[in-house]
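Only the coordinates and a few stated rules stand behind these numbers; no lab work does. Not measured: the values here are computed from a predicted model. Using ideal geometry, Cβ is built from the backbone for each residue, glycine included, and neighbour counts are taken over all protein chains shown.
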Amino acid sequence: MATSSNQKLKLLYLLKILLEQTDENHVLSMQELLDALAEYGI
């Protein structure tokens, strides 16, 4: 279980980022994912 509200939001933001910025031909690296999450304050 998530320990804070940010942890709960992290999954939702990850889903949003992956749906909007990736597909079969366009992937994101782990660093790009972390940078995108940082924009949301996660």
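May I ask for the angle, rounded to the nearest 10°, between helix 5-21 and the longest principal axis of the chain, with both axes built from Cα atoms and the value confined to 0 to 90°? The helix 5-21 is inclined about 10 degrees to the chain. Among D23, D35, sorting on how many other beta-carbon atoms sit within 10 Å of each Cβ, with the fewest leading, yields D23, D35. The angle between the Cα long axis of helix 30-39 and the main principal axis of the chain comes to about 50°, on a 0 to 90 degree scale. Positive end of the dipole of the chain (Cβ unit charges, origin at the Cα centre): among I17, N6, G41, the Cα lying farthest that way belongs to N6.
Please identify every one of the GluC sites (Glu not before Pro) in the chain that sits in a loop by DSSP and has no more than 10 other beta carbons within 10 Å of its own beta carbon. Here the sparse-neighbourhood loop sites are E24.
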